[in-house]
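Novice: Before we start, here is the structure in question, set down as structure tokens.
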Amino acid sequence: MLIAALPTGPLAANCYVLAPAPGGDCVIVDPGQEATVQVAEVLAEHDLTPAAILLTHGHFDHVWSAAELCEAHGAPVYLHADDHGLLSEPAAGVDAGFAAQLQMLLGPGPYPVPADLRETKGGDTLTLAGVGFEVEHTPGHTPGSVVYTVTAEDGEPVMFAGDLVFAGSIGRTDFPGGSTEAMNRSLSSAVLNRPDATRILPGHGPATTVERERATNPYLRDIAG
């Protein structure tokens, strides 16, 4: 299985391109700001065709290029319904101070919404590009946050975690729609209840594992304790 990680935009949000093998269909996860060129390079290098675009949540730094890639490749975009509104109103997902900066960064709008936007929800299994993606609803960072899990060739799970959990940290809960209580429940179910060997591909920063985070992440240790 091919998985390319592409830090994109000013906030270095991780975009991922996943494919069973070169020379076929692929899935793009969280194409944020300035992702289009990097994604195009990966597609050309490995002769890949996007079959779908998966969004872990609706914050601008994870979704900004989704509409452009949807139009360019005719690939549907999947996002939990609770975050659909953030596509057209990105400032609704941040606090007032950040919202003013965001308008300067993104321009006044209107903002692009994918032409083929589809709902995904917890409990779904999406078979895309020949790969099965298990969907778990993980609110806390945003109301519509989800994680997508696939099984790698070695049989171990790989979780695209968005901003649920990072190496040594977790997603913030102080933006509109965030909830510390919901985040703790999501971390317990989606991270602490996973096998230690589960590989975590987060929305920012380096990859990690459930075993490593269980042992060293202070937020998870507090929840588990």
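Novice: Every residue in segment 211-225 that is open to solvent by 50 Å² or more (accessible area, probe 1.4 Å) and under 23 Å from Ile3 (Cα atoms), please.
Specialist: Scanning segment 211-225 gives Glu211, Arg212.
Novice: Taking segment 37-70 on its own, how many of its residues are open to solvent by 40 Å² or more (accessible area, probe 1.4 Å), of a type outside the set (A, V, I, L, M, F, W, C) and farther than 16 Å from Leu117 by Cβ?
Specialist: Counting residues in segment 37-70 that are open to solvent by 40 Å² or more (accessible area, probe 1.4 Å), of a type outside the set (A, V, I, L, M, F, W, C) and farther than 16 Å from Leu117 by Cβ gives 6.
Novice: Another one. Please verify whether Glu119 is outside any loop (DSSP other than H, G, I, E, B), in contact (Cβ under 8 Å) with a residue 40 or more places away in the chain, open to solvent by 30 Å² or more (accessible area, probe 1.4 Å) and within 21 Å of Asn14 (Cα to Cα), treating the condition exactly as stated.
Specialist: The answer is no for Glu119.
Novice: Sticking with this structure for a sec: What number of residues in segment 14-23 are of a type outside the set (Ser, Thr, Tyr) and touching an Asp or Glu at 6+ places or on another chain (Cβ under 8 Å)?
Specialist: 5
Novice: Further, regarding this structure: Say we look at segment 130-154 and pick out the residues that are polar (S, T, N, Q) and out of contact with any Phe, Trp or Tyr (no Cβ under 9 Å at 6 or more places or on another chain); which of these is farthest from Val191 (Cα to Cα)?
Specialist: Thr151
Novice: Now, a different point. Output the number of residues of segment 71-86 satisfying the condition of being part of a helix (DSSP H, G or I) and open to solvent by less than 10 Å² (accessible area, probe 1.4 Å).
Specialist: 1
Novice: Considering only residues that are under 24 Å from Ser169 (Cα atoms) and either within 13 Å of the chain's Cα centre (by Cα) or surrounded by 21 or more Cβ atoms within 10 Å (Cβ to Cβ) (or both), which ones fall in segment 122-136?
Specialist: Val135, Glu136
Novice: Closer than 25 Å to Pro22 by Cβ and free of Cβ contacts under 8 Å to residues at least 12 places away in the same chain: does that describe Ala75?
Specialist: Spelling it out, it is not the case that Ala75 is closer than 25 Å to Pro22 by Cβ and free of Cβ contacts under 8 Å to residues at least 12 places away in the same chain.
Novice: Considering each residue of segment 122-136, count those that are of a type in the set (A, V, I, L, M) and not in a strand (DSSP E or B), and give that number.
Specialist: Qualifying residue count for the region: 1.
Novice: Is it the case, given these coordinates, that Leu164 is at negative phi and in contact with a Cys (Cβ under 9 Å, 6 or more places away or on another chain)?
Specialist: No; evaluated as a whole, the condition is false for this residue.
Novice: Considering only segment 1-36, state which residues are open to solvent by less than 30 Å² (accessible area, probe 1.4 Å), part of a loop (DSSP other than H, G, I, E, B) and either touching a helix residue (DSSP H, G or I) at 6+ places or on another chain (Cβ under 6 Å) or at pLDDT below 95 (or both).
Specialist: Hits for segment 1-36 are Gly9, Asp30, Pro31, Gly32, Gln33.
The values are calculated or read from the model by the stated rules, or taken from the named source; none is laboratory data. Everything quoted here is computed from the prediction, not taken from an experiment. Reconstructed Cβ throughout: ideal geometry from the backbone, glycine too, with neighbour counts over all protein chains shown. Each accessible area value is taken on the protein alone, full model and side chains, heavy atoms only, with ligands, DNA and RNA left out. Shrake-Rupley method; radii C 1.70, N 1.55, O 1.52, S 1.80 Å.
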